[in-house]
Amino acid sequence: MGFFAGLIGGLHRYFLGGFTAASCALSTTMAGVIGGIVYYYRPFNKITFTESFLLGIIVESLEMLMVLFLSEPYADAYELVRIISLPNCSQESLVLVFLRTGMNWLF
């Protein structure tokens, strides 16, 4: 399931265009696969808040690395990653913690 969610997000990102389109599409698909694997082994009712937070940082860091190394020109990719990496890692990890809190409340 995670693969298909990531693939849908990746295709959407690819068709938005830009010099990072391919790398963002690939990294979004990879994030979906990682999410699916994590959910298979650690469903929402078993994953802790700390694990959610760390997962967000790890996945977003992998996405930033993919953007950095798969996008051309490298100088533009470096500047983009330098500017967006801290906000993206912060928001991704916090959103996962909030989603985990919401799932805990609902179920």
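All of the numbers you see were taken from the coordinates with simple rules; none came from a lab. Please read all numbers here as calculations on a predicted model, not as lab measurements. So basically every Cβ, Gly included, is an ideal-geometry build from the backbone, and we count neighbours across all protein chains shown.
Here the 3J(HN,Hα) profile of region 22-34, calculated from phi with Karplus coefficients 6.51, -1.76 and 1.60 at θ = phi - 60°, is 5, 5, 5, 4, 5, 5, 5, 4, 4, 5, x, 5, 4 Hz, Gly and Pro shown as x. Grab the beta carbon distance between L99 and Y74, set R0 = 25 Å, and tell me the FRET efficiency rounded to 0.05. Here the calculated transfer efficiency is 0.15. Each Lys or Arg adds one and each Asp or Glu takes one away; over the other residues whose Cβ falls under 15 Å from the Cβ of L55, this sums to -1. The slack in the chain from L62 to R42, taken as 0.36 nm per residue of separation less the alpha-carbon distance, amounts to 5.2 nm.
Scaled against the 2.2 N^0.38 Å expected of a compact globular protein of N residues, the Cα radius of gyration of the chain reads 1.11. Please give the residues of region 65-99, grouped as numeric ranges, whose backbone N is less than 18 Å from a label point set 7 Å along the Cα-to-Cβ vector of V33. Zone members listed by number: 65-71. Once the Cα atoms are used to define both axes, helix 2-16 deviates from the longest principal axis of the chain by about 30 degrees.
Estimated purely from DSSP H runs of n ≥ 4, each contributing -39500 (n - 2.57), the mean residue ellipticity at 222 nm for the chain is -30000 deg cm²/dmol once divided by its residues. Here the chain is treated with +1 on each Lys and Arg Cβ and -1 on each Asp and Glu Cβ, and its dipole about the Cα centre works out to around 400 debye. For F44, no residue 5 or more places off, or on another chain, has a built amide H under 5 Å of its own.
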